[in-house]
Amino acid sequence: MNTATPTLAELQKESRMGAMGTESTREVRQIDLSDFDRRFDEISTQLWNAAVDVGFFQLVNHGIPQAEVDEAFAMSQRFFALPDSVKAQWPHRKADNVGWESKAQVRPSTRTPDQKESYQITRPHMEGLWPTEAELPAFQGTMLGFEAKCWRVAMQVLSCFAVRLGFPREFFAGAHDPSRETYQSTLRLLHYYAIPPELQGSLELWRAGAHTDFDCLTLLFQRQGQGGLQVLPGKEMESQAWTPVPPDEKAITCNIGDMLMRWSDDQLPSNFHRVKNPQPGEDMGARYTIAFFAQANRDAMIETPSGKYPPMTAGEYLKQRVSANFGKSY
């Protein structure tokens, strides 16, 4: 499917040695989504070329007002400011990819817990996992509204890939239908912890170790000044030349996931990325991001254009990938 096991072993070795690798100046392209329907062919070509070259790209003029992005981040910070004892009321359920966790995700590349906490929203499985209005006013409504707008942008991008792969334009929208109980796309709020003085300069811990995403498409919102995201395109794998993706509040950073890589017969690459701990001279404060993972409905059948891979449901696929990305105690 994705890059071979020796590549992961090499990443594990690099992480255990504390190696940062080198930095690349490879461009992560920005693609303008304005006037989408009229410019569909032009945008499709730009998206395909950027995805094939790097696997990462940024969207501008995407249609989500900045005020709504800011409000989603404000709500996220209010949530994570709650005591752990309160957040523990809404524990992560691995089977449904929902709820709150802290330092529970252990990447195969590092074998140490990511230095973060997260809260995951998957619409059909949220019963008992929402803060009440008394605990966090307007949280549920704000997050569901924001999730719906992320879904719309993700489906625009996926419609471009669908046509290039020979599928109908709305193929992926049907496979990610939010009205069905089998819907499993996820909005994930993330809080990377501030680095305490005793760990500043440490290369042994990672905010997020090197990994690929296991969805079709990821949309990532970053805050200005809260950097650390690095990308490793397959073309740079041997040299370990990581490309930094500086935060741009006006842009959504996107990447192809393993599910779409499989669905495209490996034409669209799912590449490694990580979030490094700040180094001396960099901001040691907290980092907040919001990610939307477009993951096909559980009963959607992943059948590739050429039949390169055997058919399997997206639910089966996601179960395999989630189990590989969280510790056994979870």
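The values are calculated or read from the model by the stated rules, or taken from the named source; none is laboratory data. Keep in mind that what you see is a predicted model, and the values were worked out from it rather than measured. Note: ideal-geometry Cβ built from the backbone for every residue, glycine included; neighbour counts use all protein chains shown. The area values use the complete protein model at the heavy-atom level, side chains included, leaving out ligands, DNA and RNA. Shrake-Rupley method; radii C 1.70, N 1.55, O 1.52, S 1.80 Å.
Is there any pair with a first residue in the range 267-294 that is of a type in the set (Val, Ile, Thr) and a second that is in a loop (DSSP other than H, G, I, E, B) and surrounded by fewer than 22 Cβ atoms within 10 Å (Cβ to Cβ) whose Cβ atoms are under 7 Å apart and which are 6 or more apart or on different chains, and what are they?
Val275/Arg207
Tally time: how many residues in the range 115-128 are within 24 Å of Lys103 (Cα to Cα) and either of a type in the set (Asp, Glu) or assigned to a helix (DSSP H, G or I) (or both)?
So the count comes out to 4.
Among the residues in the range 199-214, are any under 18 Å from the mean Cα position of the chain (by Cα), on the phi < 0 side of the Ramachandran plot, among the acidic types (Asp, Glu) and at pLDDT below 95? Can you show your working first?
Of all residues in the range 199-214, those under 18 Å from the mean Cα position of the chain (by Cα) come to 206-214.
Those still in the list that are on the phi < 0 side of the Ramachandran plot too: 206-214.
Then keep just the ones that are among the acidic types (Asp, Glu); that gives 213.
Subset that is at pLDDT below 95: 213.
Yes, there is a match, as at least one residue in the range 199-214 is under 18 Å from the mean Cα position of the chain (by Cα), on the phi < 0 side of the Ramachandran plot, among the acidic types (Asp, Glu) and at pLDDT below 95.
With the requirement that a residue be open to solvent by 20 Å² or more (accessible area, probe 1.4 Å), of a type outside the set (S, T, N, Q), part of a loop (DSSP other than H, G, I, E, B) and over 24 Å from Arg123 (Cα atoms), what does the range 166-200 give you?
Gly166, Phe167, Pro168, Arg169, Tyr193, Ala194, Pro196
In the set Met259, Met301, which member is exposed (fewer than 14 other Cβ atoms within 10 Å of the Cβ) and more than 27 Å from Phe79 (Cβ to Cβ)?
Values: Met259 fails: exposed (fewer than 14 other Cβ atoms within 10 Å of the Cβ).
Sole residue among the options that is exposed (fewer than 14 other Cβ atoms within 10 Å of the Cβ) and more than 27 Å from Phe79 (Cβ to Cβ): Met301.
So, Val163, is that one at pLDDT 95 or above, under 23 Å from Gly63 (Cα atoms) and within 16 Å of the chain's Cα centre (by Cα) or not?
For Val163, the condition - at pLDDT 95 or above, under 23 Å from Gly63 (Cα atoms) and within 16 Å of the chain's Cα centre (by Cα) - is not met.
State yes or no: is Thr253 within 13 Å of the chain's Cα centre (by Cα) and within 21 Å of Val98 (Cα to Cα)?
no
Residues being in a loop (DSSP other than H, G, I, E, B), modelled with pLDDT under 85 and not aliphatic (A, V, I, L, M): count how many of those fall in the range 229-261. Walk me through it before giving the result.
First pass over the range 229-261, keeping only residues in a loop (DSSP other than H, G, I, E, B): 233, 237-240, 245-251, 257.
From the residues that got through so far, the ones that are modelled with pLDDT under 85 too are 233, 237-240.
Right, trim to not aliphatic (A, V, I, L, M) and you get 233, 238-240.
The total comes to 4.
Output the number of the condition that Pro113 fails; it satisfies all remaining conditions of (1) modelled with pLDDT under 95; (2) more than 22 Å from Val275 (Cα to Cα).
Every listed condition holds for Pro113 apart from (2).
Within the bounds of the range 148-171, is there any residue that is in contact with a strand residue (DSSP E or B) (Cβ under 8 Å, 6 or more places away or on another chain), among the charged types (D, E, K, R) and under 30 Å from Ala81 (Cα atoms)?
no
For the range 129-158, which positions are of a type in the set (S, T, N, Q) and either more than 19 Å from the chain's Cα centre (by Cα) or not in a helix (DSSP H, G or I) (or both)?
Of everything in the range 129-158, those that are of a type in the set (S, T, N, Q) and either more than 19 Å from the chain's Cα centre (by Cα) or not in a helix (DSSP H, G or I) (or both) turn out to be Thr132, Gln140, Thr142.
Which of the residues that make up the range 262-292 are over 20 Å from Gly227 (Cα atoms) and either assigned to a loop (DSSP other than H, G, I, E, B) or open to solvent by 10 Å² or more (accessible area, probe 1.4 Å) (or both)?
Arg262, Ser264, Asp265, Asp266, Gln267, Leu268, Pro269, Ser270
Residues are listed down the side, and each one gets a yes or a no for (1) without any contact (Cβ under 8 Å) to a residue 60 or more places away in the chain; (2) in contact with a strand residue (DSSP E or B) (Cβ under 8 Å, 6 or more places away or on another chain); (3) crowded, with 21+ Cβ neighbours inside 10 Å:
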{"residue": "Val52", "(1), (2), (3)": "no, no, no"}
{"residue": "Phe57", "(1), (2), (3)": "no, yes, yes"}
{"residue": "Ala81", "(1), (2), (3)": "yes, no, no"}
{"residue": "Lys87", "(1), (2), (3)": "yes, yes, no"}
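Sort out which residues of the range 42-68 are within 16 Å of the chain's Cα centre (by Cα) and not in a loop (DSSP other than H, G, I, E, B), and write them in order of number.
Ala51, Phe56, Phe57, Gln58, Leu59 - these are the residues of the range 42-68 that are within 16 Å of the chain's Cα centre (by Cα) and not in a loop (DSSP other than H, G, I, E, B).
Residues in the range 130-139: is at least one without any contact (Cβ under 8 Å) to a residue 60 or more places away in the chain, within 24 Å of Gln224 (Cα to Cα) and of a type in the set (Asp, Glu)?
No, the range 130-139 contains no residue that is without any contact (Cβ under 8 Å) to a residue 60 or more places away in the chain, within 24 Å of Gln224 (Cα to Cα) and of a type in the set (Asp, Glu).
Within the range 25-40, is there a residue that is open to solvent by less than 60 Å² (accessible area, probe 1.4 Å), within 26 Å of Gln230 (Cα to Cα) and in contact with a His (Cβ under 7 Å, 6 or more places away or on another chain)?
Scanning the range 25-40 turns up at least one residue that is open to solvent by less than 60 Å² (accessible area, probe 1.4 Å), within 26 Å of Gln230 (Cα to Cα) and in contact with a His (Cβ under 7 Å, 6 or more places away or on another chain).
Please work out which residue is farthest from Leu219 (Cα to Cα), limiting yourself to the range 147-165 and to residues that are buried (at least 19 other Cβ atoms within 10 Å of the Cβ) and among the β-branched types (Val, Ile, Thr).
Val157
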